[in-house]
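Data block below; observations after.
Nothing in this text is a laboratory measurement; each read-out follows from the coordinates by a stated rule. Because the structure is a prediction, the values reported are computed rather than measured. Here the Cβ is made from the backbone with ideal geometry for all residues, glycine too, and neighbour counts use every protein chain on show.
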Amino acid sequence: MPETTEHIVIVGAGAAGLMAARELARAGRKVTILEARQRCGGRIHPLPASEFGYPAEGGAEFVHGEAPVTRGLLREAGLSLREIEGEQWSSDGTRLSRDQRDGPHEAELQAVLRDLKDDLTVAEFLRRHFAGDEYAPMRHSIGRMVEGYDAADPERASTLALREEWMDGGHAPQARIIGGYGALIDFLAGECRRNGVVFRLGCAVSAVEEQGQALAVRCADGAVHGCDRVILTVPLPLLREIVLPASADAKLVATGDIGFGNVVKILLRFARPWWRERQPDLAAMTFLLSDQTIPVWWTQYPSRHAVLTGWFGGPRTAELESLGPQAPIEAGLDSLAAIFKLSRQDIARELVASAATNWAHDPFARGAYSWATPRTREAQAILARADGLVSFSGEALYRGRDMGTVEAALASGLETAKTILRG
């Protein structure tokens, strides 16, 4: 392999940045990672096992679908997956019931989706094809899934992008990493260091400037890093806050055509699994859906940890924007009390540990993850163009099925590195 002195600065030590760094360093490039936080991982955020009884996740938790890049890395790292098992339950406000996979209009929905040629927003798709009163429960269910699961706005989200998810009934296989995503990040960061990657933590990038045929990357603390090429892997809202050379800055107009949603994630550890004791047929419950303020909950089943995780995604998370850090935990307790018809005090009495992450309040994320609008694929193609010395990478740039996932970030980082190496 020929020697190269090319120096590449990667902004962001999340999954995409670490993956790109490892690939480039292995190929002999000099790589520096600038990370605003004092840790690696970005929106992967492990919480203390001492508090929750296992390596809990304040950010990304699940491995979705086939995820070939993720699974390949896990094999390299000697890490294992535990496939998600169990039952999904719903609360209609009066009682809990096991979810039926197929609703009364499921076959009709599948047929219309199969024949759909031109993209529409989800809201327009439902108005056009399922406007009748008889479809109201299905419209409600789909809207709840798009907002709650995909953290997206139905008035902007792409139907074609979500079609595969719906075509398998929203039941694509999911798994968790034994030891959590933090173990995978530790492996990747270790691989980077072993291949000579230099890390600069606590370095929030404010500008990238052209200096002849080279670049200068400026950090908020006054540090300046000279290099030959830059890869920006930060979340979409932060891209717009970095001063960029004109050619790169012109591409940022396209980011307006990529959706970016927020998620509030709440972990509540209890002294005992009171929900299983109260209702024994919930022993195998994995997910629980409701119309409460915190609408989605899940357990760690088949693990027996007495932990419930609450999930609140999409445009309505703005309702908690101005409230303090304890507000999501209070809302979570209120929601569980309403779902299970218990007093809030009784549930709170069982609480051992709690944590809430509102990703919109994280200054280096400003939200949770991206989602597709009908114009997103075109926008991604503009941002991914390999022209100039500034490249963009990350889960928002991934053109495969599971946008907004760790797999999307890893695959995008890998592809960006390969594009540079081919150049």
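Name the shape class, rounded, prolate or oblate, that the alpha-carbon gyration tensor gives for the range 104-167, where a ≥ b ≥ c are the square roots of its eigenvalues, rounded holds for a/c under 1.5, and otherwise prolate holds if a/b is larger than b/c and oblate otherwise. Rounded, because the longest to shortest axis ratio a/c is under 1.5. Cβ crowding within 10 Å ranks 265, 341, 30 as 341, 30, 265, fewest other Cβ atoms first. Working ranking of peptides 268-281, 42-55 by packing, defined as the average number of other Cβ atoms within 10 Å per residue, highest first, is 42-55, 268-281.
For residue 193 and residue 136, the difference between the fully extended length at 0.36 nm per residue and the C-alpha to C-alpha distance is 15.1 nm.
Could you compute the FRET efficiency for residue 71 and residue 322, with r as their C-beta to C-beta distance and R0 at 51 Å, rounded to 0.05?
On the way: r = 41 Å, r/R0 = 0.80.
Using R0 = 51 Å, I get an efficiency of 0.80.
Apply 1/(1 + (r/R0)^6) to the Cβ-Cβ distance of residue 283 and residue 241, taking R0 = 41 Å, and write down the FRET efficiency to the nearest 0.05.
Numbers: r = 48 Å, r/R0 = 1.17.
So the FRET efficiency works out to roughly 0.30.
Rounded to the nearest 500, the 222 nm mean residue ellipticity of the chain from helices alone is -9500 deg cm²/dmol, with -39,500 (n - 2.57) taken per DSSP H run of at least 4 residues. In plain terms, the bigger the Kirkwood radius, the slower the diffusion; for the range 218-259, with that radius from Cα pairs, at 25 °C and 0.890 mPa s, Stokes-Einstein puts D at 208 µm²/s.
Subtracting the Cα-Cα distance of residue 155 and residue 83 from their residue separation scaled by 0.36 nm leaves 22.6 nm.
If you rank 243, 234 by fewest surrounding Cβ atoms within 10 Å, what's the result?
Details: 243 11, 234 26.
Fewest-to-most ranking of 243, 234: 243, 234.
Taking label positions 7 Å along the Cα-Cβ direction at both residue 164 and residue 107, the computed distance is 2.7 nm, reported to one decimal. Shown is the FRET efficiency for residue 422 and residue 213, computed with R0 = 30 Å from the Cβ-Cβ distance and rounded to the nearest 0.05: 0.90. Placing +1 on each Lys and Arg Cβ and -1 on each Asp and Glu Cβ, with no other charges, gives the range 263-325 a dipole about its Cα centre of roughly 300 debye. A P(r) calculated from all alpha carbon pairs of the chain, with 10 Å bins opening at zero, reads 4, 21, 30, 25, 14, 5, 1 percent. Picking from 32, 384, 137, whose Cα lies most toward the positive end of the charge dipole for the chain (charges on Cβ: Lys, Arg +1; Asp, Glu -1)? Most positive-ward Cα: 32.
What is the magnitude of the charge dipole of the range 104-167 about its Cα centre, with +1 placed on the Cβ of each Lys and Arg, -1 on the Cβ of each Asp and Glu, and no other charges, expressed in debye to the nearest 20?
Details: 8 positive and 14 negative charges, 13 e Å.
In total the dipole reaches around 60 debye.
The lysines whose alpha-carbon is closer than 25 Å to the alpha-carbon of residue 265, local same-chain residues fewer than 8 away aside, are 341. The dipole here belongs to the chain: it is taken about the Cα centre, uses +1 on the Cβ of Lys and Arg and -1 on the Cβ of Asp and Glu, and is about 940 debye. Dipole of the range 214-323 computed with +1 at Lys/Arg Cβ and -1 at Asp/Glu Cβ about the Cα centre; of 322, 250, 226, farthest Cα towards the positive end is 322. Its relative contact order, with pairs defined as Cα atoms under 8 Å and 6+ residues apart, puts the chain at 25 percent. Simple rule: put +1 on each Lys or Arg Cβ and -1 on each Asp or Glu Cβ in the chain, find the dipole, and look at 213, 364, 196; the Cα lying farthest toward the positive end is 196.
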